[in-house]
Amino acid sequence: MSDNNPILSGSAQSVAAYQDAIEQSSQAVIDWLKQPEMYQGKTVDQLRERIQLNFTSEGLGNQAAIARAVEYFLKDSLSVHHAQCVAHLHCPSLVISQAAEVLINATNQSMDSWDQSPSATIIEVKLIQWLREQVGYSVGDAGVFTSGGTQSNLMGLMLARDAFFARQGHSVQLQGLTGDLSKIKVFCSESAHFSVQKNMALMGLGYQSVIQVKTDAFSRMDLADLKAKLAQAKAKGEQVMAIVATAGTTDAGAIDPLVEITTLATQENIWVHVDAAWGGALLLSEKYRHYLNGLECADSVTLDFHKQFFQTISCGAFLLKDARHFELMRYQAAYLNSDFDEEQGVPNLVSKSLQTTRRFDALKLWMGLEALGKKQYADIIDNGVTLSQDVAEYVSAQPHLELVMQPQLASVLFRFRPESGDSAFVALLNQRIGDVLLASGSANVGVTEADGITCLKMTLLNPTVCLEDVKILLASVKDTAETLLNAEFQS
């Protein structure tokens, strides 16, 4: 190995190399944060041509490798902290979360056994206990940190499936799937996350197993249609494995009627999983916590902390109401967590996780809660919801803009409405507005559909953004639309 040892260790040489690398990278980030543009505006083809690998026999060394990463990655990265970056559920991060990443990465703990992550394991367990308390679950530690919503939703559906078969005296873990699988169904709303279908396919039950329930004018699951489709399923001899309710749909931020859904499911002995990847942030809210009433009755819950908890990607959690259901996925590996260790009270997190090697992402949430406190955390979460209401009021007063749906969380669905043009023309115009703004590097506005209407979306997670910032963005939308319309009429 060369004299310039590349491995992080306690040697003086390694410590000096680490310090140099961190200082160079940190300074580059500071310079990048100061750049005024949201994005440098390069196209897919330009980036494909620009970015070239440079793997040499001797290597470039740390300094040159970092410099190339700054040039070809950092400078061309989207600034998610920018006031005009509002397209997605993609949050700016807490400063303390960045500090947590330094500790996580340097220690490189793996959460699959206590002897690889002693203090980290205890911190995660205590955080799960605290999160269960916020939801309204009983005292316990049935839960685990995950990579995010898709993985957490997979765990909820997988345990719902295995519990469904267990009630019939069959173990999926030991014997695999059995019977007429086409009769097994999962219900979710038309606005539910695509991971419901994706995960049902991964579990061998296919897209056909998912029955979508109609939504109301606010994209919430329609209870009358849910009841009707449950009755239809029963009449066809189909069996309902689970109902997936959503607390914060991707576009509208809609929260399904959790109290009514969980009450109905209890009567029918159906597992309820709540995808609260976004709306779960309201657990800390002082103004809007009641939106989540009924969450405590769900059998399992998805939470994401890299959305409106403002943590760096990735950071999520899965909570399970009844700890006994974790036995459905339990596998004991002597080299990780032996029976002897468990008898001695050593925590066994890998038995609750789909992952084996797993980062200590829980540290970010722990440090965030300790640094900010619940009051400040509540304020920055509530800010987005309140701001979206103010923005909606402003949009409704503009003659050239149309509010497509009243906001529920921190998103605003709207569109530019020209004086003339059919629905197809208006849809294309709004799509092009979003494309032009991103290509210019000045703004990133989402383009989506709501009730068949192509519209623009602002996801207002950033607590540093105010109404005046949004007014600047909406002025850019108007100017871009008028430029496109003038070009259309002149062509």
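Things worth noting here:
- Every residue from region 171-228 that is within 30 Å of residue 404 (Cβ to Cβ), touching an Asp or Glu at 6+ places or on another chain (Cβ under 7 Å) and among the β-branched types (Val, Ile, Thr): 213, 215
- Filter pass, residue 97 being over 23 Å from residue 297 (Cβ atoms), hydroxyl-bearing (Ser, Thr, Tyr) and surrounded by fewer than 21 Cβ atoms within 10 Å (Cβ to Cβ): no
- Within region 38-77, the set of residues being surrounded by 13 or more Cβ atoms within 10 Å (Cβ to Cβ) and either touching a residue at least 60 places away in the same chain (Cβ under 8 Å) or charged (D, E, K, R) (or both) comprises 38, 39, 40, 41, 42, 68, 71, 75, 76.
- Scope region 354-376; condition surrounded by 19 or more Cβ atoms within 10 Å (Cβ to Cβ) and farther than 22 Å from residue 285 by Cβ; matching residues: 358, 359, 360, 361, 363
- Residue count, region 296-305 (criterion: in contact with a Gly (Cβ under 7 Å, 6 or more places away or on another chain), of a type outside the set (Val, Ile, Thr) and not in a helix (DSSP H, G or I)): 4
- When the test is whether a residue is within 14 Å of residue 192 (Cβ to Cβ) and without any contact (Cβ under 8 Å) to a residue 40 or more places away in the chain, residue 244 does not pass it.
- Residues of region 284-306 that are more than 17 Å from residue 386 (Cβ to Cβ) and open to solvent by 10 Å² or more (accessible area, probe 1.4 Å): 293, 296, 297, 299, 306.
- Some residue of region 351-362 being part of a helix (DSSP H, G or I) and at pLDDT 95 or above: yes
- Among the residues examined, residue 308 qualifies as among the polar types (S, T, N, Q), modelled with pLDDT of 95 or more and part of a loop (DSSP other than H, G, I, E, B).
- Tally of residues being open to solvent by 50 Å² or more (accessible area, probe 1.4 Å) and in a helix (DSSP H, G or I) across region 17-37: 13
- Of the residues screened, residue 368 is not one that is part of a helix (DSSP H, G or I) and without any contact (Cβ under 8 Å) to a residue 24 or more places away in the chain.
- Restricting attention to region 340-353 and to residues that are in contact (Cβ under 8 Å) with a residue 60 or more places away in the chain and open to solvent by 30 Å² or more (accessible area, probe 1.4 Å), the residue that is farthest from residue 141 (Cα to Cα) turns out to be 341.
- The conditions of being modelled with pLDDT under 95 and not hydroxyl-bearing (Ser, Thr, Tyr) are not met by residue 230.
- Residue in region 177-189 that is in contact (Cβ under 8 Å) with a residue 12 or more places away in the chain, at positive phi and not polar (S, T, N, Q) present: no
- Cβ-Cβ distances below 6 Å connect no pair with a first residue in region 191-202 that is on the phi > 0 side of the Ramachandran plot, a second residue that is surrounded by fewer than 22 Cβ atoms within 10 Å (Cβ to Cβ) and in a helix (DSSP H, G or I), and a separation of six or more residues or different chains.
- Restricting region 103-121 to residues that are open to solvent by 70 Å² or more (accessible area, probe 1.4 Å) and part of a helix (DSSP H, G or I) leaves a set whose member that is farthest from residue 372 (Cα to Cα) is 115.
- In the condition set (1) under 21 Å from residue 157 (Cα atoms); (2) of a type in the set (Ser, Thr, Tyr); (3) in contact with a Ser or Thr (Cβ under 8 Å, 6 or more places away or on another chain), residue 312 is compliant with all but (1).
- Strands (runs of 3 or more DSSP E) wholly inside region 377-491 containing at least 1 residues that are surrounded by 16 or more Cβ atoms within 10 Å (Cβ to Cβ) and among the acidic types (Asp, Glu): 401-405
- Meets criteria (of a type in the set (Gly, Ala, Ser) and in contact with a strand residue (DSSP E or B) (Cβ under 9 Å, 6 or more places away or on another chain)) for residue 378: no
- Pairs, first basic (Lys, Arg) in region 438-461, second outside any strand (DSSP E or B) and open to solvent by less than 50 Å² (accessible area, probe 1.4 Å), C-beta under 8 Å, six or more apart: 457/86; 457/87; 457/251; 457/445
- Members of region 265-299 that are more than 23 Å from residue 232 (Cβ to Cβ), touching a Phe, Trp or Tyr at 6+ places or on another chain (Cβ under 9 Å) and aromatic (Phe, Trp, Tyr): none
- Among the residues examined, residue 365 qualifies as at pLDDT 95 or above and of a type in the set (A, V, I, L, M, F, W, C).
- Taking the criterion of being farther than 23 Å from residue 222 by Cβ and in a helix (DSSP H, G or I), the residues of region 258-295 that qualify are 281, 283, 284, 289.
The values are calculated or read from the model by the stated rules, or taken from the named source; none is laboratory data. Fair warning: this is a prediction, and the values are worked out from it, not measured in the lab. Quick reminder, even Gly has a Cβ in these numbers, built from the backbone with ideal geometry, and neighbours come from all protein chains shown. When the accessible area is computed, the model is the full protein with side chains, heavy atoms only, and any ligands, DNA or RNA have been set aside. Shrake-Rupley method; radii C 1.70, N 1.55, O 1.52, S 1.80 Å.
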